[in-house]
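Have a look at the structure below, then the notes.
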Amino acid sequence: MKTIFQNIKLALCGAVLLSGCELLDITPKHVVPAGKAFSDVASYEMALNNVFRSLTSPVMNLRCADFASDDFSSVIPGYAPENYSLFYWDYQTQPQPFVWIYQYQLIAQENVLIDNYSIVPAATDAERDKIDRIYAQALALRAWSLFNVVHLYAPHYDGTNGSEEAIPLKLKLALEYLPKATLSEVYHQIFSDLEKAEQLFVESGYAPSSSDKAYEFGLEAVYALRARVALFANDLKTAKEASAHFITTPLLAKADYWMMWEDQFGTTNQEIIFMTHDLSDTDAADLVDYHVMYETNAVRLDDALINSFSAGDVRQEASYIGPNQMPYKHVIPVNERNSQMDRNLHYKHFRLAEQYLIYAESVLASDPTEAMRVLNILKEKRGADLLTAAPDKTEILKERRRELFAEGNRFYDLKRLSSEMNIVVERKNGKVLAPNSPLYTWDIPKEESNSNPHIN
């Protein structure tokens, strides 16, 4: 699969070339007539690979959202001005609106696969199963894209406010302006896509090779996404059921933690559920290089985060938090195993540790002893001090912050829990992100609201 990714170019195939339009009338240009869009399974698979390639961009994988959280104490204007704009919650400043644009372009790519599923020819039963699995991945990836957009650009959904306006629900390739769907409609679609994907994986006998598994948005990734969405929607029953698939899978020992970032392919490493490929040696490197997100902007992790690690916690070692408290998760730094730094861009979107944390939070109210047991498994593997009493949600949130920093989760956590836990984020210039602040809902770009008659 590595060879496949390295050979993909921007102009992958006519069926998935996107228009430059930044509005919700996004329809891929050059879409060929129905019945000819995909002449064989190989072209259908290449269209899916193009979606995976798109996910490597920082604005596609939403790591840029971290800069709106409290994990970073300083961001200066520089090579990646979206970091600076998001840090100060200035959601109408370019290029932030491209987060909206790119996510809907990603949805359009996924809709190409979904809309054309029924016309892809299959010569054998094995080809039909492969087509089903590609279709299943497209459905699951669309669910993930919709979740990212709704969680940034709509109020937090807690299961009780489903009638509130959310985002346009674009499910077809047709040129159209859409009104906002409700929160319940969007989340219903997300769970529906995941349910269909799971069914197709099971029926098609999903059994990826160990070398390809982490690159496929397969059955395990469906469970992981369902757990994440359910937790953030306060559906603890579903979150528990989905994350329970993972808590018997062993985490890496502390001595082997380096494999998480430096040896993705080691058979000992079972912690990566889904990641996108390293493009640092391709023509697309300028889109995803590490310095875009961190180096040139001289970002610094917050002191409170740094000081929250206990002595001996492997997650705070120099290989993962570099000079000036810069996050090193997405590079291989110089250490005893490497003589020179490598900008390693295998983005780990879903990891085993997150599922441990989701499970612990989902069982906390009903079984705090079980929550402590699972949380202590993670702590012990990371070399952190163990809990001696049942945790509260504050402790779980702290552990999520230590484990998942610089991976695109913190702003989501603040949005769903800041009101309950009275978390206030303050910048040095006096700007404040208070509980229930409207700043937790990103502004829909003016380009969209000015042209879409359904959006004010």
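The values are calculated or read from the model by the stated rules, or taken from the named source; none is laboratory data. Fair warning: this is a prediction, and the values are worked out from it, not measured in the lab. Every residue, glycine among them, receives a Cβ derived from its backbone with ideal geometry; neighbour counts consider all protein chains shown.
Values computed for the structure shown
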read-out	value
In region 289-302, residue modelled with the highest pLDDT [restricted to those that are touching a His at 6+ places or on another chain (Cβ under 9 Å) and within 19 Å of K348 (Cβ to Cβ)]	Y294
Scan of region 200-222 for residues that are assigned to a helix (DSSP H, G or I) and in contact (Cβ under 8 Å) with a residue 40 or more places away in the chain, ordered by number	L200, F201, E203, A214, Y215, E220, A221, V222
Test: residue in region 423-442 that is touching a strand residue (DSSP E or B) at 6+ places or on another chain (Cβ under 6 Å), aliphatic (A, V, I, L, M), assigned to a helix (DSSP H, G or I) and at pLDDT 95 or above	yes
Region 274-288 - residue that is surrounded by 22 or more Cβ atoms within 10 Å (Cβ to Cβ) and of a type in the set (A, V, I, L, M, F, W, C) and, of those, modelled with the highest pLDDT	F274
Residue within region 432-447 that is under 18 Å from Y84 (Cα atoms) and without any contact (Cβ under 8 Å) to a residue 40 or more places away in the chain present	yes
Selection status of R133, closer than 19 Å to H188 by Cα and surrounded by 21 or more Cβ atoms within 10 Å (Cβ to Cβ)	no
Number of positions in region 440-454 that are surrounded by fewer than 18 Cβ atoms within 10 Å (Cβ to Cβ) and not charged (D, E, K, R)	6
The listed residue being in a loop (DSSP other than H, G, I, E, B) and under 19 Å from the mean Cα position of the chain (by Cα), out of H156, H151	H156
Residue list for region 176-222, restricted to those being of a type in the set (A, V, I, L, M) and more than 19 Å from the chain's Cα centre (by Cα)	L178, A181, L183, L200, V202, A207
Residue within region 173-196 that is charged (D, E, K, R), farther than 27 Å from H277 by Cα and not in a helix (DSSP H, G or I) present	yes
Any hit, region 393-413, residues being of a type in the set (V, I, T), out of contact with any strand residue (DSSP E or B) (no Cβ under 7 Å at 6 or more places or on another chain) and exposed (fewer than 15 other Cβ atoms within 10 Å of the Cβ)	yes
Selection status of E317, surrounded by fewer than 21 Cβ atoms within 10 Å (Cβ to Cβ), closer than 19 Å to W258 by Cβ and of a type outside the set (V, I, T)	yes
Condition met for N49 (in a helix (DSSP H, G or I), out of contact with any Gly (no Cβ under 8 Å at 6 or more places or on another chain), more than 20 Å from V150 (Cβ to Cβ) and not aromatic (F, W, Y))	yes
Sole residue being among the aliphatic types (A, V, I, L, M) and part of a loop (DSSP other than H, G, I, E, B), chosen from A138, A122	A122
Any helices (runs of 4 or more DSSP H) falling wholly within region 325-415 and containing at least 2 residues that are more than 23 Å from the chain's Cα centre (by Cα) and farther than 30 Å from M60 by Cα	368-382
Selected residue (criterion: surrounded by the most Cβ atoms within 10 Å (Cβ to Cβ)) from residues of region 321-341 that are touching a helix residue (DSSP H, G or I) at 6+ places or on another chain (Cβ under 9 Å) and among the charged types (D, E, K, R)	K329
Filter result (among the small types (G, A, S) and surrounded by fewer than 22 Cβ atoms within 10 Å (Cβ to Cβ)) within region 227-251	A244
A360 modelled with pLDDT of 95 or more and crowded, with 21+ Cβ neighbours inside 10 Å	yes
Residue satisfying condition, being charged (D, E, K, R) and closer than 30 Å to Q325 by Cα, within set D66, D115, D132	D66
Looking only at region 420-436, and only at residues there that are among the hydrophobic types (A, V, I, L, M, F, W, C) and loosely packed, with under 15 Cβ neighbours inside 10 Å, the one that is farthest from R410 (Cα to Cα)	V432
Residues being among the acidic types (D, E) and in a loop (DSSP other than H, G, I, E, B) - total across region 225-276	3
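Yes or no, residue by residue, for (1) touching a helix residue (DSSP H, G or I) at 6+ places or on another chain (Cβ under 9 Å); (2) surrounded by 15 or more Cβ atoms within 10 Å (Cβ to Cβ); (3) modelled with pLDDT of 95 or more:
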| site | (1), (2), (3) |
| --- | --- |
| P95 | yes, no, no |
| W100 | yes, yes, no |
| L139 | yes, yes, yes |
| G162 | yes, yes, yes |
| A166 | yes, yes, yes |
| L169 | yes, yes, yes |
| A174 | no, no, no |
| A181 | yes, yes, yes |
| S184 | no, yes, yes |
